[in-house]
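For reference, the structure discussed in these notes is given below.
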Amino acid sequence: MKIRPKTYLLVAGLLAVSSMTAQSSKSSQASEVIETRGDFTLRKANDSLYWLNDWRLPYPVYQFQAGDVDGDGNEDAMVGVIKSTRFYPEKARRLFIFKQINKKARPLWMGSKLGGILEDFRFVDGKIRALESTTDSLFVVSDYKWDRFGMAFDRFIIKGVDLQTAIKTFSQ
């Protein structure tokens, strides 16, 4: 039987994808469940490899929240990761937001930055509340809301305060 080059490439490509999917599935199953929120499950394979359902997160995770970020009536997952970006080469805390599509986690927004230097976040009243530091060693607590494509600044809860005051406000 003679195999044409294009057919061979297609079959080889399908075998490679099948193999990668099987490896991803094995890796996500072999990891420890950290937390489940709604239909989203965060698993930890090691300190720098996590899985959100089937989505590979090759970064340390510092926060995991769930709620309807974009107001469409469906729960979204918010995952805080520590990584560098093309525009901000230093490793820092970032926020990724995921939708659930056919029981799979898919990115809705993978932000490089909100406003200030992100320290922590939580989901409050349909908004993302962020604890951020500033370049002059002060802290702010801000609310961000969904705006068509990503997160947009909504308001300061408190600004220009010390860490203790900011944490107290952030936690309320």
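Derivation of every value follows stated rules applied to the coordinates shown; laboratory data play no part. If you're wondering where the values come from, they're calculated on a predicted model, not measured in any experiment. FYI the Cβ positions are ideal-geometry reconstructions off the backbone, even for glycines, and counts take in every protein chain you see.
Structure above, values below:
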{"read-out": "Net charge contributed by nearby residues that have their C-beta within less than 10 Å of Pro60 (K/R +1, D/E -1)", "value": "+3"}
{"read-out": "Size of charge dipole - the stretch 114-172 - debye, nearest 20, with Cβ of Lys, Arg +1 and Asp, Glu -1, no other charges", "value": "220 debye"}
{"read-out": "Placed amide H near Asp120: partners under 5 Å, 5+ positions off or other chain", "value": "Leu131"}
{"read-out": "Inter-part distance where the stretch 101-162 and the stretch 50-87 are each reduced to a Cα centre, Å", "value": "13 Å"}
{"read-out": "Net +/- balance of residues flanking Glu75 in space, Cβ distance below 12 Å, scoring K and R +1, D and E -1", "value": "-3"}
{"read-out": "Residue-count net charge about Arg106 - beta-carbon cut-off 12 Å; Lys, Arg +1, Asp, Glu -1", "value": "+1"}
{"read-out": "Cα lying deepest toward the dipole's positive end in the stretch 114-172, options Ser133, Gly115, Met151, charges on Cβ", "value": "Met151"}
